[in-house]
Every structure is written in structure tokens, then in C-alpha cells.
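The values are calculated or read from the model by the stated rules, or taken from the named source; none is laboratory data. Please read these numbers as outputs of a predicted model, since none were measured by experiment. Quick reminder, even Gly has a Cβ in these numbers, built from the backbone with ideal geometry, and neighbours come from all protein chains shown. Just so you know, the surface numbers come from the protein's heavy atoms only, side chains and all, with ligands and any DNA or RNA stripped out. Shrake-Rupley method; radii C 1.70, N 1.55, O 1.52, S 1.80 Å.
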Amino acid sequence: MFTIGIDVGGTYTDLVAIERNGHTVFAKSPSTPQDQSLGVMTGLEELARRLGLSRAEMLGRTDRLVHGTTVATNALLERKGAPVALLTTQGHRDVIEMREGLKDDRYNLRTAPPEPLVPRELRFGVRERIRPDGEVLIPLDHDSLGEAIAAIRVAGVTSVAICFLHSYRNPAHEIAAAERLQRELPDISVSRSSDVLPQIKEYERVSTTIVNAYVEPAVRRYLTNLETRLKEAGLANQLFIILSHGGMAPVAEAARLAAGTVLSGPAGGISGCRRCAELLGIPDLVPFDMGGTSTDISLITDGRASLSADGGLADQRIALRSLDIASIAAGGGSIATVDAGGTFRVGPESAGSVPGPACYGNGGVEATVTDANVILGYLDASAFMGGKRPLDRAASEAAVDRLATSLGLSREDAAAGVYRMVNLRMADGIRLMTLRRGVDPRRYAMLSFGGAAGLHAAEVARELEIKRIIVPTAASVLSAWGMLTSDLRYEVSCTHYSAGQRITQSEVRSIFADLEGQATGRLQSWFGGKVVVERSAEMRYGEQIFEIDVPLDDLDWASDDIVDRIEALFHRRHEELYTYASRDQEVVFVNARVAAVGIIPEAASVSRATPALSACAPSGKRNAFFGAWKEVPVYAANLLRPGHEIEGPAIVEAETTTVVVNVGDRITINNLGWLDISLA
């Protein structure tokens, strides 16, 4: 029996199958942006071939198939979501443009405001009003609602977001409006804020609900079609989708909360990193995931990844909880350019999978990071993808030569400039995740994964004075592998309206008991195994306007001083984040949150590799550029065993990734068979 993980990236779709005895098989297939399921099904065919089975046999013997998708991500980034209308309380239709009254670059007076996903003419005010305490001030006006629905019918939109004022306290008006919409316009998708994000703060609620409405039709269509194709191809068990918070959910739940899939793929990688931290006994890691179109960076501290509700994508606020991941538009397909003013840039434009870098031979003509790696000798053009997809070195040379002419440099220096520039951009991204948060990256190890990361990890780490890098065997497909370490997860939240009064012990117990019942009840409708509950609260000082998330898992909920203990945890967390706590100030309890987690048994334990019986020997040599051309040894990753050591400069090649180290760096193969790199 197998468990299978599938991660769709911008360039490649990664697949991992793990048998119950721990035997693991990887495969890659070119992504198909026009319909991601085509690349998925082709990849499953290749995975089955490597297992010596037909695709139907493999799927018939699959216990669990877990999938990370970029459908929602691409829809937002490319502005290709559904045409959306907004129903909101009369007088509040401009909240989406007013935002929070702040700009990302607040001192730049020329910053253009982000374009809203819903144009003003498709935002309709409905006469109704609910007070902050949940009481109805103005009943829902059905004539006003009818006029809005008639306008929506004429506008030809395919999705509607409903966000009425204070519906997190009383959703009755939203429910009534949604029911009427679905009766009169049954083909339209409807997203209610009281269902998507039932908590205080109007802008966060309306923005998140609009994003959900914008991506939901595409996500639902894709997941439904994929599920049908998989069942027709022989999948007997359920398909699960990774959500942005790192847990997984059935297709119906992922489609309902489509905005929760915008970090679906990267979230699988962070799940894998947590498992790696556990296996390695290294609690503090910087996950460095470089793929074909982007690089994702996060932090594992004390073996845990942080969750945040402060996320967003493509200038759109998404206040659902997600893993704290920073994405940089820097990958193997990033295009190097020189603008009219002579400024040299690498990215953010990417060649993607179509046409891809020039060396792919698919019609790409611009120099990319991958082309630079070919020129510098780091990538062996004839051995790419295990020799199944040779690269066109001549095309790389032609593309880089055009760039070199613009810069007035030699071919090698232009390629080295592309390599250095992209490394600096990625190092800056790690600085944003560490130094700006008071974290010293030098006390962390770097976990390098993603198909392109091994080519750049050593130089990025060196820039940050990180001394240790780990490269797992599954580095090129770690996001897909990590999905198989994820648990089921269902989150619910509730806003506490106190009107300036301190929350009481009975209130806090009642709120969390109600949320726990909702979360566990929903999860147990999908899952019959062990369920654990995680609790947290979003709190702030009385004079503040932004909350911080405080984990509450270690509390004695029967204690008589439960509120004092919760506030003490808040003070401690505030001090950890901002170096101070004001213990004499009022503490405001804003949101309670409960996650029900269905514990999935591990797919298999990771087996220890067979120790080396002899010294390692290079499989060959080739010239590579390290400031000057040097003949360096090349090692086959599949022949390395625990105990082997390699002195840099050297290149280690696997079928789907390549690792480059410089002079004085040392690679040791650990007992898992992974590369443990010490930098000079």
C-alpha cells in the first residue's frame, strides 16, 4: 500500500510515493498551467512506472493521496479569478478601497493604490444594520436586497461575496441574503464572511471574503475535476488538499474555503521541514525552498513553525491563519535583464515552465538563472533530469551572450553576475524573516530543498554567516514529501465583544468549550481517528490596534485564575516579540481560536542509510567557475553513504537536483544519507 504526495509548482509537478516498508520513490513531470490536472495525471503515470505498476494498480493500492495546488495562487497573481460582486451594508461599499488607511510604502506619495478585485459598480449596499453586540438595529430590507440581486443578474458575475457589518456576532442577515441569492441565481457561487472569517475587523473580513469568492469557482472546478479523474483512473480512497495553515482537508472543505489554499504547496514544504527538524534533532532551521519561479522562506524555531493571520498575496489581504512564509520572485526561471537606464535585474519576471529557460529548448530566448548555472558549469546539460531531458547549452550561451553584450562583460562574468544577484536577493529575503524580527540567523541551520536550492544554498548561507546546511535525500520534492507528514486540521474562531470590560472566567471557558465542540464535531465528520485540540487567543493592550496570537495549549482550564494565566501568557509573548511587556496595562481579549487536529499515522519511518564500506570516489570531473575556471570532482548522490566526506569545491548530482559547494566547504553524509554541509 502507498501514500502519495503531489505538489504542483510553477515549472514542475513533484510526486512522492511511500510504501509501508518505508521505500520511497520520487517523480517529476512538467507542470501544465492551462490545466494542472494534466501534469498531475502524467506525473502519476511516471510514478507508477518507477514502481513497476500500472497507474490503476498504484492508485488502487493507495491509502491516502495528498495534493498541494497553486490554482488559487495563480488566479490571484495573474488576476484570472471569477468576476465578483459584493453585497455589503449600505454606506460601506468602499471599505475595500479605504483598506486600513495605510500604504505598504507609506512614505512614497506616488504609490498607486492596489486595484480592488471588485470594481465599484459591482459593490452593492443593502439596507440593514446589526449592532456590535449582535442586536438587529435595522432589519434586512428585502426590496433593497432584491434591487442588488437584479443588478447582479444583469452584470453577469459568477461569484458573490457577502459581508454585512458585525455579521461575526449575528450572521442572520448574511444567511438570509445568501439563501435568496442561491434561490434566484442558482448558478452563482456565494461566499459569506460569517462562514469564511467570522471575526472582528471589517476590512480583513471583507477582503478575505472577496478573495474567497474570487478564487472559489476555479478551485472548486479544478479539485472536482481532478477528484473525478483520479477515481476514474483507479483511486479508491479519499483525496486530501493541503491548506495554507499546514493541515489538510477533504476536497469539499478545501473548495469551500478556497482562500485557504493560496499557500497550499509551500505549506507542504514547511510540514516536511518540521519532520526534518525532528529527525535531525536540530530545532532551529531556516527552510530555503528554491524552485523554478519563486523561493519560499520561513522559520522553524524550537521545532515549530509559526502561524500568522497577517498574510496576503498580490496586494490582497487574506486574514485566514497560515504558515508564516515569505515568497520571493527568484527561481531557476527568473529572467535577467538590463533596462533602458542600464540597471541590471534578475526577476521578478520568470520564464516559468513555458517557454522556460533558453536551455529548455522550448522557444525561450532570455537569459535566466538556470542558463547562468549551465554556463558556469554547475549544471551538467547532458545529465539534467537524469539525462531524460538534456539541456541546450548552445541556447544558454546565446541568451547569456546577449545579456553580456548589454553589460559590456564576458559571458562568464555575466553569468556569474546573474548567479550572485539572485543569491543576494534570496539572502535579503531571509534577512526579512530573521533580522527584522530580532532573530539571529547565525544560530540557525539552513534546510535546503526545492529543485534549484542546492545550486545556491551555500552562497546564500555564506552571505548570512550561516555555517551549516542540510540537504535531505528528498530535497527536490520535499514539499510533496512533507504533505505526507501533515495532519487533518479544522479551525474555528470567535470574537469576544467586551465593551471595555475584562473577560470573565465563565466567559472564557464557555467560548472555548463551544468552539471545541464545533471544531471536533466538524472534523469527526471526515475522520474517525485520534483528534487533539489546539487553543489560542488574539490579544492586545488597551491602547493598541493590532493583536498578537498567544498559544494556550499548556493551561489548566480548571484553575480558578484562568484569566490571570491567559494574560500572563500574553505579557510573555509580547515580550518575546517586542522585547517589552506592560504588565500594569489593560489586556484586551479579542478573538478565541480552536483548531481540531486529526492525527494521521506516519506514512512510514525514515530508514537509516547503509554505512559506507569504502571511501567515496567522484564519478567524474568537469570545469566550473568559482571566480576562475577550476576542474572540480562530481559525485553521484545515490552512491554516497553515511560516513563519506567531501571537500569543496565539489558538485553532487542527483537525478532531480544538484548541490554546489565552494573551496573549504565540507560535506558529510549523515546517518539518514542526507548531505550535512559545513561552510568555510
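3J(HN,Hα) couplings calculated from phi for segment 306-316 with the Karplus curve 6.51 cos²θ - 1.76 cosθ + 1.60 (θ = phi - 60°) are, in sequence order, 7, 9, 9, 9, 9, x, x, 7, 6, 6, 10 Hz; Gly and Pro show x. Beta-bridge orientation, the chain: approximately 70 percent antiparallel, per DSSP, counting only bridges with both partners inside.
Using a 1.4 Å probe on the protein heavy atoms, what percent of the accessible area of segment 578-680 belongs to carbon and sulfur? Looking at segment 578-680 in its full context, I get 51 percent from C and S. Rounded to the nearest 0.05, the FRET efficiency derived from the C-beta distance between Tyr578 and Ser498 at R0 = 30 Å is 0.80. Looking at segment 20-107, the GluC sites (Glu not before Pro) that sit in a DSSP loop and have at most 15 other Cβ atoms within 10 Å of their own Cβ are Glu78, Glu100.
Sort segment 85-200 into rounded, prolate or oblate with this rule: let a ≥ b ≥ c be the square roots of the eigenvalues of the Cα gyration tensor; rounded if a/c is under 1.5, and if a/c is not under 1.5, prolate when a/b is larger than b/c, oblate otherwise. It comes out oblate by the Cα gyration axes. Counting only protein heavy atoms and using a 1.4 Å probe, the accessible area of Arg425 comes to about 70 Å².
A full extension of the chain between Lys80 and Arg509 corresponds to an added length of 150.0 nm, given 0.36 nm per residue minus the alpha carbon distance.
Residues Phe546, Phe2, Phe384 ordered from highest to lowest accessible area at a 1.4 Å probe: Phe546, Phe384, Phe2. Which shape class, rounded, prolate or oblate, goes with segment 155-302 when its Cα gyration tensor gives a ≥ b ≥ c as root eigenvalues, a/c under 1.5 marks rounded, and past that a/b bigger than b/c marks prolate? Oblate, since a/c reaches 1.5 and b/c is not below a/b.
Ordering Ala650, Ala213, His166 by Cα displacement along the dipole of the chain toward the positive end leaves Ala650 in first place; charges were set at the Cβ atoms of Lys, Arg (+1) and Asp, Glu (-1). Applying 0.36 nm per residue to the separation of Val354 and Ser406 and subtracting their alpha-carbon distance, the gain on full extension is 16.2 nm. Heavy-atom accessible surface of Glu278, to the nearest 10 Å², is about 120 Å², with a 1.4 Å probe and all protein chains retained. Simple spin-label estimate for Ala615 and Glu586 gives 7.4 nm between the two label positions (7 Å along the Cα-to-Cβ direction from each Cα).
For segment 208-307, with all protein chains in place and a probe radius of 1.4 Å, 48% of the accessible heavy-atom surface sits on carbon or sulfur.
With all protein chains kept in place, the per residue accessible area of the chain amounts to 41 square angstrom at a probe of 1.4 angstrom. Taking all protein chains together and rolling a 1.4 Å probe, His142 ends up with roughly 100 Å² accessible.
For segment 1-152, a Kirkwood radius taken over Cα pairs fed into Stokes-Einstein (37 °C, viscosity 0.692 mPa s) yields D = 163 µm²/s.
Taking label positions 7 Å along the Cα-Cβ direction at both Ser678 and Gln544, the computed distance is 4.2 nm, reported to one decimal.
Around the Cα centre of the chain, unit charges on the Cβ atoms of Lys, Arg, Asp and Glu (plus for the first two, minus for the last two) sum to a dipole of about 1040 debye.
Full extension of the segment from Glu147 to Arg180, taken as 0.36 nm per residue of separation minus the current Cα-Cα distance, would add 10.7 nm. If R0 is taken as 22 Å, the Cβ-Cβ distance between Arg20 and Glu278 corresponds to a FRET efficiency of 0.65.
Scan around Thr368 for amide H atoms under 5 Å from its own, H built in the peptide plane at 1.01 Å from N, and keep only partners 5 or more places away or cross-chain. Those lying under 5 Å, H to H, from Thr368 are Ala336, Ala358. What distance in nm separates the simple spin-label points at Glu121 and Asp561, each placed 7 Å from Cα in the Cβ direction? Those two pseudo-labels are separated by 6.4 nm.
The Arg345 and Arg468 beta-carbon pair, evaluated with R₀ = 41 Å, returns a calculated FRET efficiency of approximately 0.85.
Indicate the gyration tensor shape class of segment 519-658 (rounded, prolate or oblate), computed on the Cα atoms with a ≥ b ≥ c the square roots of the eigenvalues: a/c under 1.5 is rounded; otherwise a/b larger than b/c is prolate and the rest oblate. Since a/c reaches 1.5 and a/b is larger than b/c, the shape of segment 519-658 is classed as prolate. Within segment 1-127, antiparallel bridges make up roughly 60 percent of the DSSP beta bridges whose residues both belong there.
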